[in-house]
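A quick write-up on the structure given underneath.
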Ligand code: SF4
Ligand code: SF4
Ligand code: SF4
Ligand code: SF4
Ligand code: FES
């Protein structure tokens, strides 16, 4: 095994691994500070923050160090490479680099949105000198409010790492951003008339190590140290990007991509990033309801749930096919399991169907070439299937039903009058039922709708159960590739709504509390297709349902 | 624990002589003190509220929000005070400054709303300590009354009016004597920061205007 020596510590690296000094040092538990380097972008070695001493250990045991400092991000390591990142010389270089980066920096941390998660603040504290020796006035460049619909640039805070520029060139391929002028007049700007509005644009804000590029959506909403984060998964499409949900006092403020090589890589798309507003809209269902003949009978959870329980128990002698449960691909694996199992217990003849699967256009592949056509290799895919868990729900349906019944055939059967009772577990925030289709539901004797937002169906339902948005519940989503990832309850939903898992747990008369990890174990032990869930805790990156994909991480995309 | 008899010291009452047992010397002694007070009159009672107490200028009373040299609220809505406040009684909603308005051109951010719950506040002064632009300050005003809890929620306008009332009083000096915002927003004239750490005397920063002072 090739061995690299980092600050006198030997570290082994894989025989075919291509690492640079920063990555090798990370293996050794040391940090080499860096700004411009990002593992998904090309290397430019322009910020000089990562300067280290590099040398080589010869086979005869002598060590030859290079006389000058080298940028660690640009120096690949091989067997015998020696890296020193804590010598006086390196510390002095780090100090000098930071002083240089801060020469014209306004240091307006109090009004800067990045403060608290800023690369300049953190490194100044760790490696900097604590004061500036500049006597001359600072070179302050005017802000650019319109980099894109969602992005604003505080030009004076930029440290010219060009991460944003490389992102638009290499990952989105749209190349709207560029460096204009030279020397100390360098500035980031957009190509005239080409605002940065591509569907991955929001990522440049995350990539920016300082407070130069800011998201207009989040600007001045909160100080970041007040936010509490939970790991989750974006439900926007079947790519299933790993994200964090940042909230304070039960108000969701932003989503950020979380790096997961098995899922999407390091980024997320803007549809997902900004598309969660429905979760805090006033269209949310906020109280359970039992209706009869168009009149509300009860709005009390205990009453509604127990009446619903006895009503469903009365269906046990109904003949085959008249009781249908439709589970939306927005439901988690646990919810689908609880509901499917409960329905089959109530009436073994109950039919389980898959709720409407919304697809929009075609898979959107990045990077794009100059004509807007995807070019290879693909680095990010926004999938056409706009739901997070079709595969997970299908596995449950396959187990309990043996086939996947599409929602269209359920609608057809309702129209023909062969269905009397329908239980819909929804969750899709975009109207999943048209008014015309909803009119067909009038034929039903009993309609139960468990959903997030009010819809044409929920207004007709005999029982309405207000569920929770994905950020408000625990569960599992299985993405297009069979990667099962855990979502976590990051905040509480509006008063009156309840996490769907809890509703179904109580409805099916189980004892105890809904606990996603224990349910995963139960599911894993009962359903061979989902055996991978039996670990219970899916960890940060999730587990793959197919063992093939487990051993080999999927390429980014 | 029982008391050790060795630790007990018995004290005998001193016996009184003839004059002392008449009590007259003690009575005259008392009358002498009374006479002294009558002759040399020093009142110690304060006639509050007719007479206000003379409080030191570092007394921590009601807050004020200072104005900058253009009369705008000086606060840049950084929320450092709300972060530092141990009573969690400051609530700020920030807004970006209207860029097209020349009056606000040099500012990025300001408080859309700024509310201090003066009933929750413990008048510790941490907010004043935390403020990077010397916007929030505690004044000398201590006699705070209100007819309802709502009245004691001091909003931006009220806090600014406290500034207008107190800025010229000798007891509530505008402590920095600067309308300037400093580093949080004032980009055109940034001074070298004096070193927060010790430096060699020949270091250029040791000769900076503000050396040794953290602005
Ligand atoms: S970019 Fe960082 S260092 Fe600069 S003002 Fe913002 S928080 Fe402060
Ligand atoms: S705007 Fe941010 S990401 Fe772009 S070059 Fe400047 S510091 Fe780097
Ligand atoms: S004086 Fe103390 S308690 Fe009162 S607002 Fe300031 S920090 Fe909070
Ligand atoms: S610390 Fe000062 S500038 Fe910051 S929000 Fe409070 S009063 Fe405003
Ligand atoms: S990270 Fe190596 S030079 Fe910027």
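Yes or no, residue by residue, for (1) free of Cβ contacts under 8 Å to residues at least 24 places away in the same chain; (2) surrounded by 20 or more Cβ atoms within 10 Å (Cβ to Cβ); (3) more than 25 Å from the chain's Cα centre (by Cα):
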position	(1), (2), (3)
B:67	no, no, no
B:71	yes, no, no
B:81	no, yes, no
B:86	no, no, no
B:91	no, no, no
B:95	yes, no, yes
B:101	yes, no, yes
B:105	yes, no, yes
B:114	no, yes, no
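Checked against (1) in contact with a helix residue (DSSP H, G or I) (Cβ under 8 Å, 6 or more places away or on another chain); (2) over 15 Å from residue A:78 (Cα atoms); (3) away from ligand 5 (no atom under 12 Å from the Cβ), residue A:48 passes all but condition (3). Considering each of A:127, A:146, A:123 in turn, give the residue that is surrounded by 15 or more Cβ atoms within 10 Å (Cβ to Cβ), touching a residue at least 40 places away in the same chain (Cβ under 8 Å) and within 15 Å of ligand 2 (Cβ to nearest atom). Only one candidate passes the filter, namely A:123. Among the residues of region A:224-255, those identified as in a loop (DSSP other than H, G, I, E, B) and either farther than 15 Å from residue A:491 by Cβ or more than 12 Å from chain B (Cβ to nearest Cβ) (or both) are A:227, A:234, A:235, A:236, A:237, A:238, A:239, A:240, A:241, A:250.
Exactly one residue among A:113, A:108, A:79 is touching a residue at least 24 places away in the same chain (Cβ under 8 Å), touching a strand residue (DSSP E or B) at 6+ places or on another chain (Cβ under 7 Å) and within 14 Å of chain B (Cβ to nearest Cβ), and that residue is A:113.
In summary, strands (runs of 3 or more DSSP E) completely within region A:1-73 and bearing 3 or more residues that are in contact (Cβ under 8 Å) with a residue 60 or more places away in the chain occur at A:3-6. Of the strands (runs of 3 or more DSSP E) that lie entirely inside region A:156-223, those containing 1 or more residues that are more than 12 Å from ligand 2 (Cβ to nearest atom) span A:213-215.
Can you find a residue that is more than 14 Å from chain A (Cβ to nearest Cβ) and closer than 23 Å to residue A:221 by Cα anywhere in region B:79-86? Yes: one or more hits. In region A:416-441, the residues that are in contact (Cβ under 8 Å) with a residue 60 or more places away in the chain reach residues that are surrounded by fewer than 13 Cβ atoms within 10 Å (Cβ to Cβ) with C-beta atoms within less than 6 angstrom, at least six apart or across chains, in these pairs: A:420/A:445.
In region B:158-182, what residues are at pLDDT 85 or above and closer than 18 Å to residue B:127 by Cα? Hits for region B:158-182 are B:158, B:159, B:160, B:162, B:163.
The values are calculated or read from the model by the stated rules, or taken from the named source; none is laboratory data. Keep in mind the model is a prediction, meaning the values are calculated, not measured. Here the Cβ is made from the backbone with ideal geometry for all residues, glycine too, and neighbour counts use every protein chain on show.
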